[in-house]
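To start, the structure under review is shown below, and the notes come after it.
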Amino acid sequence: MKIFLCCLALFIYGYCQAQDCNYTFTGRLIDFHDGSEIAAAAIKIIESNSYVTSDIDGNFKIPNLCEGQLKLRISHIACEDKVVSYDINSNRSETIYMEHHTEELNEVSVTTVVSTMETKTAQETLLKSETLEDYSALSLGDALREVPGVSSINTGNTIVKPMINGMYGSRLLIMNNGVRLQDQEWGVEHAPNIDINAAGQVSVIKGSAALAYGGDAIGGVISVNPVRVILKDSMYGKTILSGQTNGRGFSTSTMLNKTWTEGWFASGQASFKKYGDFEAPDYVLTNTGQEATGFSFRGGKKRFESGFEVYYSYLNNEIGILRSAHVGNASDLVNSINSGEPFFIENFSYDINSPKQDVTHHLFKALYYKRFKSFGKLNLQYDYQINRRLEFDVRRGGRSDRAALDLELQTHTLQANVKLDANSKFRHRFGVLGRYQNNFPNPKTGVRRLIPDYDRYEIGTFFTSEYRINEDVLIDAGIRYDFVNIDAQKFYRTNRWEERGYDQDFSSIVIEDSGTQLLTNPIFNFHSFSASAGLRYEFNDNSYLLGNYSLSTRAPNPAELFSDGLHHSAARYELGDLRLEQEVSNRVSATFSFNNDYFSLNTEVFYNYIDDFMYLEPAGVEEGIRGAFPVWEYKKIDANFYGFDLSANYRISDKWALQNNSSLIKAWDLTTDRAVIDIPAFNTVNQISYRNKVWNNFSASLRSEWVFEQNEFPNNNFETFVATQDKMVVVDISSPPPAYHLMHFRSDMDFRFTEKTNLNIALSINNIFDTNYRNYLNQLRYFADDLGRNVMLQLQLNY
Amino acid sequence: MKNLKIFFLTLLSTTIILSCDDDDDTPAPINEEETITTLILTLEERNNPTAQPIEFSFQDLGAGTVTIADGFTLTANANYRATVQVLDETDPNDVEDITEEVEEEDDEHQFFYLLPNSNITVLYNDSDDDGNPIGIETTFDVGAAESGTMTVTLLHEPDKDAAGVSDGDPTNAGGETDISVNFNYDVQ
């Protein structure tokens, strides 16, 4: 049609040589979303450099046009400029659709600093790239601790699992660029596979209000997103290089982005980290080195009406685990606890020996979106992930080089989301998701499988709505349904099968009996419902109140159902339970936020009641040929979690500022009436900072981190026979370590070379006084002190 | 709207395809390679070749299935040649002798025999390439009549140079425990 019109135009042009300048163009401007007329838009006629304006009905008229091409640039507040061109050979009338939604515009904004919240009424905190850059040499879990109420549960200092309001692992949902990370977080020693250097911003959403992502985020959602795409011809990038004394290692990361006005974009990023043994104040933490390699690529086209993106990311992490943390039985454990320092202390080395982990994660994603007039936006996404987890143990007979655990998890997800925003008061979203997952434990390990072979199918659908009642009040609500099917094939040793009583309850799932082992085919179906409702009330420009209720349901994960093995660094036997059912959480929360030029305050309170909370707790001691082992079983209890998180900033002057972050959480097991294990103690971080823009944007800050002793903990101590002492000895695995106070310093400066190139140099000192301490939430606290002083120099070149 | 329809059709067909992708291969069973189920300590009286050897044994087939043979009587003031054997009897038709693996890595292993407050002295009869004891073969020098409990321990990667370790005291040895079993005994 277009070609035909062009030909026609050319033909007419050739035929009528004489210039007629009496044609009129009448236009009508309509909002793309809701079909309303756009008044008071400026329409520039590019050829004549003159302007007309649209009237109240969105109409405009351009008279006295000559034959030829008419090119218009239409501008309106909160709209993206639109350039259109028409061939004029007669009077012409056209309807022009404008993209008139400020919020939507953020997605295609020409500024890079725009950052949008993912929820309206949930407790959400955003970490921007400036903050993330400070943690370039560390991990995502370390950076997230900037958010009050977010802590981490660690195995050493390189395996850092984020913890939101006391919950971690399967209770947190981690999104990487819109893809739910499927990376085998079966235990405390399995950290999420995310390269912090690939992140442009991170959103932390406490609780399960973000239903679009999943209904089982009882603890919360962590959404990691790459840098935004800007719609102009531009090329920019950054390179970060840092070196540090503790671990005697370095980290480097580089990123390059290219964007075009037409919406095309491409970006690439790569990072590499290498550390040797880390050091506590008094000794080397033998075999705690790390080597990590990551890269990612992203490209596509982003226009208002439609666009697509492809994304690939790779991450490999090889992490040494403190040699002394590999113990044989309860008697070894008590010797380690009581000796006060690790048994294996060797000279510093970059070698990573057993025990160690070697984890590789590939993520591929393809996304397409399209907007429909007076309707909304449709998103289609497919993603594929492969996670390969190898763990090496100290083994006999030269087997230490052979993985003791070799799991490969593959996940395919297909999803469609629709956002309806035609009505400016209502905003609806709904979506469907299908997911298929396969786990393959390689039998070549020569060690019985921790997680069995399984196929997992998942179908989810959600609907969320938000309604703006007036300028000050917004409410939102949503529901979600998920169906999960797990079809596993697992071997049980016959005596374990009988000891668990499974021969009574599950005899029908046995498919092969080899005498000593049974092959079983457990199949589970879980139907889960989740819901959320919230309110946002703006008192004035400076303060608002949020209230939210969310119901979430989480199906047991394969570790909770099937675990059956020895956990070396805890010297315990861990057993899953086929009888587990879903846990259901009811969480209410409220946030008050106040913000003016000098003072800002954010207070969050929450109460979370969890029915059938799946929980690993001691269930006796098993005596075997290795000696005694406590047996820990997954059980279900009723629990409640409540607490508050506080963040306050006070600007004393334009140079000096004070900051405080504090959080308190209580968690109680209502079934056995005792505290829940591994809950962070009250902690408070206070910081004083100085910034002087005139001195090359110099800044310096002194930070005090004070972690109290946790005095609410379950007593899981037990006695074991220690032959060298010829008596029963109490194994104190419960008592939390004492409170500690650490001081940290950081200073940085900017050096500008050209308009677009600048260098930021930062010097930081962590644990200035080389304080000895142990952290209750570090699983290696039984064996060694935490890290001593670390001096780090970081150079960041932006271009 | 048409796109939506296409999408749902795609989703549906993918789900069906994936559901039909059920491979019927069953996973291969794993017979744990490093399992030690059994320890047998055999004592032969040196100066009395006609005496029946005494056998202490401990068998653990997992999940708390333990069989212990102990309570044997040693002769006062006798001298015994003791040998220890460790086995994997998970599959009764294919018993593996793990003692061979220990011998191959003798510098990384050591057996300890703890008899607190006893008149029995245990002496190592074997050594690795560094001249440190292994403890597969030992001498039990029995004294006066008594009764008590003996702990037999096999440590992996002990520090054999630490104080007392080569004399049979594991207090400073570190490493990790592969075996730790207790036997009751009598000396008459």
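The values are calculated or read from the model by the stated rules, or taken from the named source; none is laboratory data. As the structure is a prediction and not an experimental result, all values here were calculated from the model. Methodologically, a virtual Cβ is constructed for each residue, glycine included, from the backbone with ideal geometry; neighbour enumeration extends over all protein chains shown.
Checked against (1) within 14 Å of another protein chain (Cβ to nearest Cβ); (2) of a type in the set (Lys, Arg); (3) under 29 Å from the mean Cα position of the chain (by Cα), A:Lys636 passes all but condition (1).
Please count how many residues of the stretch A:512-525 are assigned to a strand (DSSP E or B) and within 21 Å of A:Val484 (Cβ to Cβ). Break it down into steps so the answer makes sense when it comes.
So in the stretch A:512-525, the residues assigned to a strand (DSSP E or B) come out as A:512-513, A:517-520, A:523-525.
Then keep just the ones that are within 21 Å of A:Val484 (Cβ to Cβ); that gives A:520, A:523-525.
Matching residues across the stretch A:512-525 total 4.
Keeping to the stretch A:483-497, report how many residues are closer than 23 Å to A:Lys635 by Cβ, more than 8 Å from every other protein chain (Cβ to nearest Cβ) and in a helix (DSSP H, G or I). Number satisfying all stated conditions: 1. Among the residues of the stretch A:89-110, those identified as modelled with pLDDT of 70 or more and in contact with a Cys (Cβ under 7 Å, 6 or more places away or on another chain) are A:Met98, A:Glu99.
Scanning the stretch A:49-78 for residues that are at positive phi and in contact with a helix residue (DSSP H, G or I) (Cβ under 8 Å, 6 or more places away or on another chain) yields A:Gly68, A:Ala78. Scanning for something in contact (Cβ under 8 Å) with a residue 60 or more places away in the chain, farther than 28 Å from A:Lys274 by Cα and crowded, with 20+ Cβ neighbours inside 10 Å, does the stretch A:387-410 turn up at least one residue? Looking for residues that are in contact (Cβ under 8 Å) with a residue 60 or more places away in the chain, farther than 28 Å from A:Lys274 by Cα and crowded, with 20+ Cβ neighbours inside 10 Å, one finds none in the stretch A:387-410, hence no. Considering only residues in the stretch A:271-321 that are touching a His at 6+ places or on another chain (Cβ under 8 Å) and crowded, with 20+ Cβ neighbours inside 10 Å, the one that is farthest from A:Tyr773 (Cα to Cα) turns out to be A:Ser313. Determine which member of the set A:Tyr740, A:Tyr776 is free of Cβ contacts under 8 Å to residues at least 60 places away in the same chain, among the aromatic types (Phe, Trp, Tyr) and within 26 Å of A:Asp678 (Cα to Cα). When all the criteria are applied, what remains is A:Tyr740. The condition (being touching a Gly at 6+ places or on another chain (Cβ under 7 Å) and under 23 Å from B:Glu176 (Cβ atoms)) is satisfied by just one residue among A:Ala325, A:Ala280, A:Ala266: A:Ala280.
Is it fair to say A:Thr254 is in contact with a helix residue (DSSP H, G or I) (Cβ under 7 Å, 6 or more places away or on another chain), crowded, with 16+ Cβ neighbours inside 10 Å and among the β-branched types (Val, Ile, Thr)? Walk me through how you get there before you give the answer.
Working: in contact with a helix residue (DSSP H, G or I) (Cβ under 7 Å, 6 or more places away or on another chain): no; crowded, with 16+ Cβ neighbours inside 10 Å: yes; among the β-branched types (Val, Ile, Thr): yes.
No, not satisfied.
When the residues of the stretch A:512-534 are filtered to those that are within 13 Å of chain B (Cβ to nearest Cβ) and of a type in the set (Gly, Ala, Ser), the one that is surrounded by the most Cβ atoms within 10 Å (Cβ to Cβ) is A:Ser514.
Away from every other protein chain (no Cβ under 14 Å) and either under 28 Å from B:Asp88 (Cβ atoms) or in contact (Cβ under 8 Å) with a residue 12 or more places away in the chain (or both), is that true of A:Leu433? Working first, answer last.
Numbers: away from every other protein chain (no Cβ under 14 Å): no; either under 28 Å from B:Asp88 (Cβ atoms) or in contact (Cβ under 8 Å) with a residue 12 or more places away in the chain (or both): yes.
No.
A quick yes/no check of all residues on (1) surrounded by 20 or more Cβ atoms within 10 Å (Cβ to Cβ); (2) within 14 Å of chain B (Cβ to nearest Cβ):
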{"residue": "A:Asp577", "(1), (2)": "no, no"}
{"residue": "A:Glu583", "(1), (2)": "yes, no"}
{"residue": "A:Ser593", "(1), (2)": "no, no"}
{"residue": "A:Phe613", "(1), (2)": "yes, no"}
{"residue": "A:Gly620", "(1), (2)": "no, yes"}
{"residue": "A:Gly627", "(1), (2)": "yes, yes"}
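Can you confirm whether A:Ile652 is among the hydrophobic types (A, V, I, L, M, F, W, C) and surrounded by fewer than 20 Cβ atoms within 10 Å (Cβ to Cβ)? Against the criterion (among the hydrophobic types (A, V, I, L, M, F, W, C) and surrounded by fewer than 20 Cβ atoms within 10 Å (Cβ to Cβ)), A:Ile652 qualifies. Is at least one residue of the stretch A:499-511 within 12 Å of chain B (Cβ to nearest Cβ), at pLDDT below 90, touching a Gly at 6+ places or on another chain (Cβ under 9 Å) and part of a strand (DSSP E or B)? No - not one qualifying residue is present in the stretch A:499-511.
Restricting attention to the stretch A:722-770, and to residues there that are within 22 Å of A:Leu797 (Cα to Cα) and part of a loop (DSSP other than H, G, I, E, B), which single residue is nearest to the other protein chains (Cβ to nearest Cβ)? Applying the filter and picking the extreme gives A:Lys756.
Filter the stretch A:775-785 down to residues that are under 17 Å from A:Val188 (Cα atoms) and assigned to a loop (DSSP other than H, G, I, E, B) and give me whichever is nearest to the chain's Cα centre (by Cα). So that I can check it myself, show each step before the final result.
As a first pass, look at the stretch A:775-785 and keep what is under 17 Å from A:Val188 (Cα atoms): A:775-783.
This time we only want the ones that are assigned to a loop (DSSP other than H, G, I, E, B), so: A:775-777, A:783.
Working: A:Asn775: 23, A:Tyr776: 23, A:Leu777: 20, A:Phe783: 30 Å.
Here the answer is A:Leu777.
Scanning the stretch A:462-482 for residues that are farther than 18 Å from A:Val584 by Cα and either in contact with a helix residue (DSSP H, G or I) (Cβ under 8 Å, 6 or more places away or on another chain) or part of a strand (DSSP E or B) (or both) yields a count of 11.
Using the structure shown, decide if A:Ala555 is crowded, with 23+ Cβ neighbours inside 10 Å, assigned by TED's automatic domain parsing to the domain that holds A:Arg493 and under 23 Å from A:Met167 (Cα atoms). Let's see the steps before the verdict.
Working: crowded, with 23+ Cβ neighbours inside 10 Å: yes; assigned by TED's automatic domain parsing to the domain that holds A:Arg493: yes; under 23 Å from A:Met167 (Cα atoms): yes.
It is true that A:Ala555 is crowded, with 23+ Cβ neighbours inside 10 Å, assigned by TED's automatic domain parsing to the domain that holds A:Arg493 and under 23 Å from A:Met167 (Cα atoms).
Being closer than 30 Å to A:Val188 by Cβ and among the β-branched types (Val, Ile, Thr) is true for just one of A:Ile761, A:Ile768. Which residue is that? Can you show your working first?
Working: A:Ile761 fails: closer than 30 Å to A:Val188 by Cβ.
Exactly one residue qualifies, and that residue is A:Ile768.
Looking only at residues of the stretch A:412-463 that are touching a Lys or Arg at 6+ places or on another chain (Cβ under 7 Å) and among the small types (Gly, Ala, Ser), we find that the one that is surrounded by the most Cβ atoms within 10 Å (Cβ to Cβ) is A:Gly460.
Scanning the stretch A:720-739 for residues that are more than 14 Å from A:Ala330 (Cα to Cα) and crowded, with 18+ Cβ neighbours inside 10 Å yields A:Pro736, A:Pro737.
Inspect all residues belonging to the stretch A:560-569 and state whether any of them is of a type in the set (D, E, K, R), free of Cβ contacts under 8 Å to residues at least 24 places away in the same chain and either surrounded by fewer than 22 Cβ atoms within 10 Å (Cβ to Cβ) or not in a loop (DSSP other than H, G, I, E, B) (or both). Lay out the reasoning, then the answer.
To start, the set of residues in the stretch A:560-569 that are of a type in the set (D, E, K, R) comprises A:560, A:564.
Keeping just the survivors that are free of Cβ contacts under 8 Å to residues at least 24 places away in the same chain gives none.
Looking for residues that are of a type in the set (D, E, K, R), free of Cβ contacts under 8 Å to residues at least 24 places away in the same chain and either surrounded by fewer than 22 Cβ atoms within 10 Å (Cβ to Cβ) or not in a loop (DSSP other than H, G, I, E, B) (or both), one finds none in the stretch A:560-569, hence no.
If I filter the stretch A:634-648 for residues that are touching a helix residue (DSSP H, G or I) at 6+ places or on another chain (Cβ under 6 Å) and assigned to a strand (DSSP E or B), do I get at least one hit? Taking every residue of the stretch A:634-648 in turn, at least one turns out to be touching a helix residue (DSSP H, G or I) at 6+ places or on another chain (Cβ under 6 Å) and assigned to a strand (DSSP E or B). Looking across B:Ala76, B:Ala69, one residue alone is within 29 Å of A:Arg448 (Cβ to Cβ), surrounded by fewer than 16 Cβ atoms within 10 Å (Cβ to Cβ), away from chain A (no Cβ under 13 Å) and in contact with a strand residue (DSSP E or B) (Cβ under 8 Å, 6 or more places away or on another chain). It is B:Ala69. Scanning the stretch B:35-54 for residues that are assigned to a strand (DSSP E or B) and either within 14 Å of chain A (Cβ to nearest Cβ) or closer than 12 Å to B:Val142 by Cβ (or both) gives B:Thr38, B:Leu39, B:Ile40, B:Leu41, B:Leu43, B:Glu45, B:Ile54. Note on the stretch B:154-188: residues that are among the β-branched types (Val, Ile, Thr) and facing chain A (nearest Cβ under 10 Å) total 4. In the set A:Phe364, A:Phe392, A:Phe426, only one residue is modelled with pLDDT under 95, more than 30 Å from B:Thr177 (Cα to Cα) and assigned by TED's automatic domain parsing to the domain that holds A:Asn557; that residue is A:Phe426.
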